[in-house]
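Take a look at the structure below.
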Amino acid sequence: MEARSQTPPLDHHQSSLTMNPTNNDDTIDIESIHDHQEETQQQQHQNQPSSINTNKNYLHANDQKSITNKRYMPLLIINYLLLFVGSISSSLLSKYYFIHKGSSKWVSTWVQCAGFPLLIIPIFLPNLLNLTKRIPFSDFTLKMLTLSFFVGIMLGFNNLLISWGVAYLPVSTSALLLSSQLVFNLILSAIIVKQKITFSNLNCVILLTLSSIILALNSSSERPKGLTKKEYFIGFFCTISAGLLFALYLPVVEKIYKKVYCYEMVMEMQLIMEIAATVLASIGMAWDGGFKEMKRESEEVFDKGSRVYWVTVMSNVVTWQFCFMGTAGMVFLTSSLTGGICMTALLSMNVLGGVLVYRDDFGGLKAVSTVLCMWGFSSYVYGMYVKMLEEKGKKVKESNDSSSMELISMRRSGGATMVQ
């Protein structure tokens with residue numbers, strides 16, 4: 001041990017080629033090889049953090065859109081529940097408002113977007129609960145702000161057109177015309193976001209369109225009394241325009257969301273959109289005396305009293321916000337076509353809501369319409385499920401292939417080191 005400690009240290013090349021004096025000249029010193037391997041592992045360990053950070057950045061950039069992400073399925077379920085509850089509840093509350101002599105188109109427009117403060121919860125709550133280290137609005141750019149603002153203005157005009165259409169048309173006729181957005185949505189999605197037209201989505205579009213047509217055949221007796229041809233034309237034109245505008249809104253939003261990597265950013269953009277739509281609606285209400293009209297309507301017109309009036313209006317504000325939150329989340333996590341299909345399917349479900357809550361008639365045509373709606377929607381959901389399994393299988397296979405290549409590469413590099 002003393003003799004070895006006095007021996008001057010050899011450099012790396014000398015130690016790796018030192019011969020063991022007790023063996024033949026061509027035998028490599030095992031201890032030197034062991035030292036060399038430890039040094040190589042230390043170098044690999046030092047280089048590892050940078051690759052880990054790169055992987056983290058990659059996963060961060062592809063966070064919640066990936067179906068393999070653990071937050072994907074919970075977010076998808078939550079957003080569909082928001083869309084389901086929001087769509088049906090807002091429809092029933094709007095009908096309750098008009099049944100009891102509410103008539104303001106600007107109030108109907110304003111409640112669709114005035115619930116934007118609720119979006120603060122999904123924006124800031126994940127950070128407060130330490131579910132993410134991302135600071136709200138930290139990745140928000142001027143371009144995203146501008147796009148969100150202009151899309152919000154488009155959404156505001158869409159809300160106004162829907163309000164005018166609902167004011168002049170029966171519920172079933174309005175539902176039919178709004179469901180026409182699904183066909184336009186399929187065409188515009190294929191043009192704007194290169195949506196592939198498959199048997200699953202085409203079959204669903206056809207079935208839901210047939211469902212809406214059958215529903216409209218049952219609406220001839222629901223035409224309001226005293227409706228003039230001019231008012232009917234205005235309602236028809238506004239509803240068709242709203243369907244077209246919403247069909248354009250969905251793929252445009254999907255194209256914007258392709259550069260967004262987390263649900264919180266979607267809600268941030270949705271907040272800007274809703275603020276822009278609320279500003280537009282508020283300007284219209286102020287110009288047309290809408291705020292004064294709300295007070296007068298609650299005290300003199302609404303037959304359930306002022307308190308019930310404000311509860312109805314505020315509840316409608318919340319449910320409409322649920323509807324738009326769910327729509328935005330569905331578009332982000334799936335596609336604009338899926339969001340349009342879900343909303344169209346829920347238009348037929350609103351008929352069932354009217355039967356259960358308001359005791360509307362449920363004849364044979366409505367039953368057939370409901371069955372076609374459920375059939376079309378179920379076939380599309382099944383197609384999505386099969387596609388999800390295929391994509392997950394591909395990613396697992398790619399991951400396994402990548403791991404195998406890395407293992408082979410490590411073995412080869414280890415063998416080369418031993419030879420040296």
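Scanning segment 300-307 for any residue that is within 30 Å of Ile206 (Cβ to Cβ), out of contact with any strand residue (DSSP E or B) (no Cβ under 6 Å at 6 or more places or on another chain), in contact (Cβ under 8 Å) with a residue 12 or more places away in the chain and surrounded by 14 or more Cβ atoms within 10 Å (Cβ to Cβ) turns up nothing. If you go through segment 302-352 and pick out every residue that is at pLDDT 85 or above and aliphatic (A, V, I, L, M), you end up with 11. All of Ile123, Ile88, Ile67 fail the test of being modelled with pLDDT of 90 or more and not aromatic (Phe, Trp, Tyr), apart from Ile123. Here Ile162 clears all of (1) surrounded by fewer than 18 Cβ atoms within 10 Å (Cβ to Cβ); (2) in contact with a helix residue (DSSP H, G or I) (Cβ under 6 Å, 6 or more places away or on another chain) except the condition numbered (1).
Annotation note: Cβ proximity below 8 Å between a residue of segment 249-263 that is of a type in the set (D, E, K, R) and a residue that is assigned to a loop (DSSP other than H, G, I, E, B) (sequence gap 6+ or interchain) occurs for Glu254/Val193; Glu254/Ser335; Lys255/Val193; Lys258/Val193.
For the condition within 20 Å of Tyr249 (Cα to Cα) and in contact (Cβ under 8 Å) with a residue 12 or more places away in the chain, what is the one hit in Asn203, Asn159? Steps first, answer last, please.
Values: Asn203 fails: within 20 Å of Tyr249 (Cα to Cα).
None of the others qualify; the one that does is Asn159.
Contact map, segment 324-338: residues that are of a type in the set (Gly, Ala, Ser) paired with residues that are not in a helix (DSSP H, G or I), Cβ distance under 7 Å, separation 6+ or inter-chain. Pairs shown: Ser335/Gln195; Ser336/Val193. In segment 149-238, counting only helices (runs of 4 or more DSSP H) that sit wholly within it, the ones holding 2 or more residues that are at pLDDT below 70 span 171-179, 199-217.
For the subset of segment 267-299 comprising residues that are among the hydrophobic types (A, V, I, L, M, F, W, C), under 17 Å from Thr146 (Cβ atoms) and surrounded by 20 or more Cβ atoms within 10 Å (Cβ to Cβ), which member is nearest to the chain's Cα centre (by Cα)?
Ranking the qualifying residues of segment 267-299, first place goes to Met269.
The number of residues in segment 120-141 that are in a helix (DSSP H, G or I) and either aromatic (Phe, Trp, Tyr) or touching a His at 6+ places or on another chain (Cβ under 9 Å) (or both) comes to 1.
Could you list, in sequence order, the residues of segment 98-119 that are part of a helix (DSSP H, G or I) and either surrounded by fewer than 23 Cβ atoms within 10 Å (Cβ to Cβ) or hydrophobic (A, V, I, L, M, F, W, C) (or both)?
Let us first name the residues in segment 98-119 that are part of a helix (DSSP H, G or I), namely 98-99, 105-110, 116-119.
If the condition is that a residue be part of a helix (DSSP H, G or I) and either surrounded by fewer than 23 Cβ atoms within 10 Å (Cβ to Cβ) or hydrophobic (A, V, I, L, M, F, W, C) (or both), then Phe98, Ile99, Lys105, Trp106, Val107, Trp110, Phe116, Pro117, Leu118, Leu119 are the ones that fit.
Taking the stated definitions as given, is Thr338 under 13 Å from the mean Cα position of the chain (by Cα) and of a type in the set (Val, Ile, Thr)? The answer is yes for Thr338.
Cβ-Cβ contacts under 7 Å between residues 6 or more apart (or on different chains), taken from a first residue in segment 103-117 that is at positive phi to a second residue that is surrounded by fewer than 22 Cβ atoms within 10 Å (Cβ to Cβ), are absent.
Give the residue, chosen from Glu398, Glu406, that is modelled with pLDDT under 75, closer than 28 Å to Met73 by Cβ and either among the small types (Gly, Ala, Ser) or in a helix (DSSP H, G or I) (or both). Steps first, answer last, please.
On the way: Glu406 fails: closer than 28 Å to Met73 by Cβ.
Just one listed residue meets the conditions, Glu398.
Scanning segment 360-395 for residues that are modelled with pLDDT of 75 or more, farther than 26 Å from Gly340 by Cα and open to solvent by 90 Å² or more (accessible area, probe 1.4 Å) turns up just one, Lys394. Whenever a residue of segment 282-298 is at negative phi, its partners that are not in a helix (DSSP H, G or I), lying with C-beta atoms within less than 7 angstrom and at least six residues away or across chains, give the pairs Gly290/Ser104; Glu293/Ser104; Met294/Ser104; Glu297/Gly102; Glu297/Ser104.
The values are calculated or read from the model by the stated rules, or taken from the named source; none is laboratory data. Just so it is clear, the structure is predicted and the values come from calculations on it, not from any experiment. Cβ sites come from the backbone with ideal geometry, for glycine too, and all protein chains shown count toward neighbours. Just so you know, the surface numbers come from the protein's heavy atoms only, side chains and all, with ligands and any DNA or RNA stripped out. Shrake-Rupley method; radii C 1.70, N 1.55, O 1.52, S 1.80 Å.
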